[in-house]
Structure formats: C-alpha cells, structure tokens
Amino acid sequence: MQISRFKTISGFVALMLLLVLTGGALLSLGIQGLQSDGNALAAFDSYLWNITRFTLLQALLSVLLSVLFALPVARALHANTSFRGRALLLRFFAIPLTLPSLVAVFGITSIYGRNGFIAQGSTALGLPLIPDIYGLTGILLAHVFFNMPLAVRLLLASLESIPQDYWKLSAQLGMGSFARFRLIEWPVIARNLSGIAGLIFMLCASSFTIVLTLGGGPRATTLEVAIYQALHFDFDLARAVALTLTQLLLTIGVLCLLRLTGKPTEEGLSLTTISRNYIQHGKTAKIISGLIIACAALFLALPVLGMILSGLGSDLWRLINENVVQQAIITSLLLAFGAAAVCVVLSLTLVAAREYNATQNLKAPRKLRSFFTAALDSGSSLVLIIPPIVIGAGWFILLRQFTDVFTLAPFMVIAVNGVMAMPFAVRLLRPAWDSASARNNRLCTALGISGLNRLRLIDWPVIRRPLILSFIFAMALSMGDLGTIALFGSDAVQTLPYLLLQRMGSYRTSDAAGLALILAAICFTLMLITDKTGSKTQSGKSAERNIA
C-alpha cells in the first residue's frame, strides 16, 4: 500500500510540475492578453502574418530539400552494405545531430560566408565569388545540414525493415532499379514519409538559433525569433503575446495534422531468412551510388572541417585563460548538470508511475486510472506541443511583475532545458523499466522485496545504463541550447552559447571561432560518452539474450 501511494503521489507531483511550467506560461500569456486593452489583438497585423508565412515557407522548403536529398543517399547506403567504412560513415552522419546549432552555423559561415573558404579560394584563383548566405538561402542550407542526415537515418531504417524475401523475389524476377524502387522500396518509404516530414517540419518551424544568426533581417524572421526580439529588444509585451499564441496554434495544428496521417501499417507475413544481398548491382550503379554518398559526406564534412580549422586558427590559449570564458564554461556545465538531473528524475518518476498504474490492480475507478495513466504517458511530450521559447516567453512576462527576471535565469534554464530533454529520456528509460518490471514484479512480490531494496538490487542494475545515457544526452542538449538563455541571460549569467553569440554579434570572429571549437569539443565528448554507453547497453542486452 505504501508503494502504491508513493508511486502514485510521486507521478502526480511530477505531472503537476510539468503542468505548472507549461500551464503557467500559457496563463501568463492569457492574462497579459486580457490586460493589454486590445493591444494584443492589434498586434495581429500584416507584420505578424508575414512572419507566419515565412515560418511556414522556410519549414516546408527545408522539409522538401532535406527529404529529396536524403532519399538517394539512403538508397545508396542501403544498396551498398559491404563497403569499408560504412559503419563509420553512419556514425559521421550523426555528428550534425550532436552539434549545437550555433556551432554548426559558425561552421557553415566559415565555408559559405562572404569571408569563408570558398570566397577566399575563388579570390585566390582570380574568380572572385562573394556568396550571400544570409536570409532564406542560409536558413535552408543550415536546416538541410541538420535534417538531411536525420532523414537519411530514418529512411535507411525503413528500408532495412523490408523482409529479405522481397529482395530475393525481386532478384529471381530480374527487376531493375526503378522497378525495385516502385514496387518494394516506395511503399515502405511512403508509409513512413509523413512522420519523417512532420518531424523535420516541427524542428524547422521552431528553429531559433539558425534563424537568429542567419536570418538577415525582418524579411527572414520566424515566429520564435520575433518573440525573442519583441521581449529582448522592443519590450513589446502585446506583440510578444500575439506572436506566442500564433506559434502555439501553429504547433498544435501541425501535430493534429500529423495524427490524421495515421500510423504506418505493418508488412505482410514473411519467413525470416538469412540477411543476404541478392541484388547484383552493375558497375555504373555502384559508381553513381559512390558519388552520391561522397557528395553527402562532403556536404556534412565541410562545415565541421571549417569550424575546426577556424577554431584552431584562433588564440585558444588566451581564450581559455579569460575569466569570462572560464566562468561561462563552468556555468554551462553546472546548468547542464542541473537540467539533466531534473530531466532524469522527472522522466523516471513518470515512467515508474505509469507502469505501476497500468499493470497493478489498484482500488480506483477504471476510467480515472486510465486517464491518469494516459496523462503520465503523454506528460513528457508537453514540450513538443508548447515550444521552449513559448514557455520562456510566458514566464518572462509573468516573473517580471514580481522580481528581476534575470536573477532567476539559472532556475529557468535548468527547468526549461530539463523538460526539453524529457521526450528523449522517456523513450530511453521506458523500455528498460517496463521489461524489467514485467520479468521481476511477481518474483519480488513473492519474496517480499520492495522499496529501496528492490531499487538497489533489482531495478538499478537494469536501468543504470539507460539512465546514464539519458543524463549525458540531456547534458549535451542543454550545453548547446540558446533559446532560454537568450531571454534570461545577462552579464551575470552567461553560458558558452550566449558568450559565443555576443562575440559573433560584436564581429570578434576569431574569438567566436575559438569558443565554437571549445563548445563543440565539450558536446562531442559528452555524445562520445553517450555512444560508448549505448554500445555497452546493446552488448549487455545481447549477453542477456544469450544467457536466457
């Protein structure tokens, strides 16, 4: 009974904390809108609609370009499974997912900017080329850099889910490349394409750092950047409320449309066969596939290489010895640690409470228990409905009426960044917790093992690695975040991304290059630890299956 009460109450408290964080922001926006005497309604003008149209336009174009470029790359990687370095290349495709947006933007400008390596090389050859990547062009370039590898990995997973019998039959029938694509690959891709496109659209529609640094002015501004400008520069609360409500409605609308697409259907029954490549690709097809893979790898490698070379060319030793840089590193690590702790505690609490309420016969009305279980299951996804910039804007408007909001910067950064990482943490923790509970619940009940003894002896060995994985991933995600600290940051509270943005804004390019390299090195180290932990987790699972 005590276990039931503790897990239920802890899950309820965690859920209430999430609702307070998100609901408090929405309540603040609503109150401010009612107190604005019609100013918020007046802010729904042509400027707002122009920003909304540009937000939708850049997101749609980013989705289109990312998917169109990812499709041939995924097919080429799937068709060539035996070349050396394929596993290393797939790991390299994960680098854009680990880089902070500001670091990647600096790498892109170091290659494609007006003073980038391409411009310098063309000038040296007597063919001066001055590219202009600020505006829609730069935004699309950065979004494709981030989202094309993500689409490749998701499309490749879809292709690898096709039963081997299909490929064997296509080889027996002598199908060509186009016939295989039309009859075998495209049906699987089409069933998952809406989900992939929707995910990329959500990421691009809520893009903040990329648009802030590469937007180039009012003509290339999204809703999230306009919210930041309205609060940080203009202090126009009525316009901030109108922009935030529009962003919220846009996010909810996109999620509703995604739900209408339905879930992917399952493949037909097929006997499991030994994984084998039945298709004999010609020399021309192999050359084309190799060129496609090489172009994709070069597109991703150039900004990373540019960022590294620019960072090494700066005075790193002087930067590291600057007090403000050292303080920014310490602040970033402390805030990231706090955000990761909040993320893991809340995620594990929700996962444990959901599993207990879903599997145990509790003395509660069935409908109430089902509703509570569903709330625990979807509580971590609130941040997907209400973007972090909306949460930050709502609390910024609310707290300014009672205190100096900049003094609360550390708490807001920890809270918002911790909640922002929860959807990923829950997806890592829930499978391990559910499978361990299904195996051990009856045995623990029979032996009378409960409370801290069960957590220490039974549950902790199972969830240790997923929990560490979630913690490090949340730290890396928080280290590179700029959205919340951009609203609440000040000279007293500076993180590495905040300091990097300041140096870029004051045209101290060399210092910005060094800071970008330092930030990238920290985040890459964290993600390398995550990757090693994940590999050990998979090895542990394989060993566990072999023992069973």
Note, the range 138-150: 3J(HN,Hα) by Karplus (6.51, -1.76, 1.60, θ = phi - 60°), whole Hz, Gly/Pro = x, goes x, 4, 5, 4, 5, 5, 5, 4, 7, 9, 4, x, 5
Cα Rg, Dmax, the range 365-412, angstrom units
15.9, 46
Cα-projected label distance for S435 with I320, points at 7 Å along beta-carbon direction, nm:
4.1 nm
Zone of S378 (label point 7 Å along Cα→Cβ, backbone N under 20 Å): which residues in the range 422-459?
422-428, 430-431
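Where a ≥ b ≥ c are the square roots of the eigenvalues of the C-alpha gyration tensor, would you call the range 94-171 rounded, which needs a/c under 1.5, or, failing that, prolate if a/b is larger than b/c, or oblate? Walk me through the numbers before you get to the answer.
Numbers: a/c = 3.79, a/b = 2.31, b/c = 1.64.
Since a/c reaches 1.5 and a/b is larger than b/c, the shape of the range 94-171 is classed as prolate.
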Take the Cα atoms of the range 378-525, find their three principal axes, and give me the spread along each one in whole Å, biggest first.
66, 39, 25
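With a cut-off of 8 Å between alpha carbons and a minimum separation of six or more residues, what is the relative contact order of the range 39-140 in percent? Display every interim value, and only then the final one.
On the way: 37 pairs, mean separation 20.6, N = 102.
It rounds to 20 percent for the range 39-140.
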Using 1/(1 + (r/R0)^6) with R0 = 35 angstrom and r between the beta carbons of A294 and F233, what's the FRET efficiency to the nearest 0.05?
0.20
Quick check for the chain: number of Lys pairs with alpha-carbon distance under 23 Å, counting only pairs 8 or more apart or on different chains?
5
Solution diffusion estimate, µm²/s, Stokes-Einstein, the chain, Kirkwood Rh from C-alpha pairs, 20 °C, viscosity 1.002 mPa s:
84 µm²/s
Residue separation times 0.36 nm, minus the C-alpha to C-alpha distance between D165 and L89: what's the value?
24.6 nm
Please report how far the C-alpha centroid of the range 368-382 lies from that of the range 190-227, rounded to the nearest whole angstrom.
29 Å
Spin-label point model (7 Å from Cα, Cβ direction): what's the R182 to L68 distance in nm?
2.2 nm
In whole angstrom, how far apart do the alpha carbon centroids of the range 93-110 and the range 399-422 sit?
26 Å
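How large, in Å, is the range 327-417 by the Kirkwood hydrodynamic radius built from its alpha-carbon pairs? Could the numbers behind the result be given before it?
Working: mean 1/r = 0.0644 Å⁻¹.
Answer for the range 327-417: a Kirkwood hydrodynamic radius of 15.5 Å.
Pop the C-beta distance of L528 and A42 into the FRET formula with R0 = 41 Å and round what comes out to the nearest 0.05.
On the way: r = 51 Å, r/R0 = 1.25.
With a Förster radius of 41 Å, E is 0.20.
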Unit-weight point scatterers at every alpha-carbon of the range 1-108, Debye formula, q = 0.19, 0.21, 0.24 1/Å: log10 I(q)/I(0) is -1.07, -1.16, -1.26
Cα→Cβ-extended label distance, 7 Å offset, between N50 and F6, nm
6.0 nm
Between the range 451-497 and the range 131-159, what is the separation of their alpha carbon centroids in Å?
27 Å
Could you tell me the relative contact order of the chain? Use alpha-carbon pairs under 8 Å, at least six residues apart, and round to a whole percent.
24 percent
Working out 0.36 nm times the residue gap between R456 and L19, then minus their Cα-Cα distance, what length gain in nm do you get to one decimal?
154.3 nm
By the gyration tensor of its Cα atoms, with a ≥ b ≥ c the square roots of the eigenvalues, what is the shape of the range 468-523: rounded for a/c under 1.5, prolate for a/b over b/c, or oblate?
oblate
Table column - 3J(HN,Hα) (Hz), the range 62-78, Karplus curve with 6.51, -1.76, 1.60, x for Gly and Pro:
5, 4, 4, 5, 4, 6, 5, 6, 6, 4, x, 5, 5, 5, 5, 5, 6
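Values quoted throughout were computed directly from the atomic coordinates according to the rules given, and no laboratory measurement underlies them. In this text, all values refer to a predicted model and were calculated from it rather than measured experimentally. Every residue, glycine among them, receives a Cβ derived from its backbone with ideal geometry; neighbour counts consider all protein chains shown.
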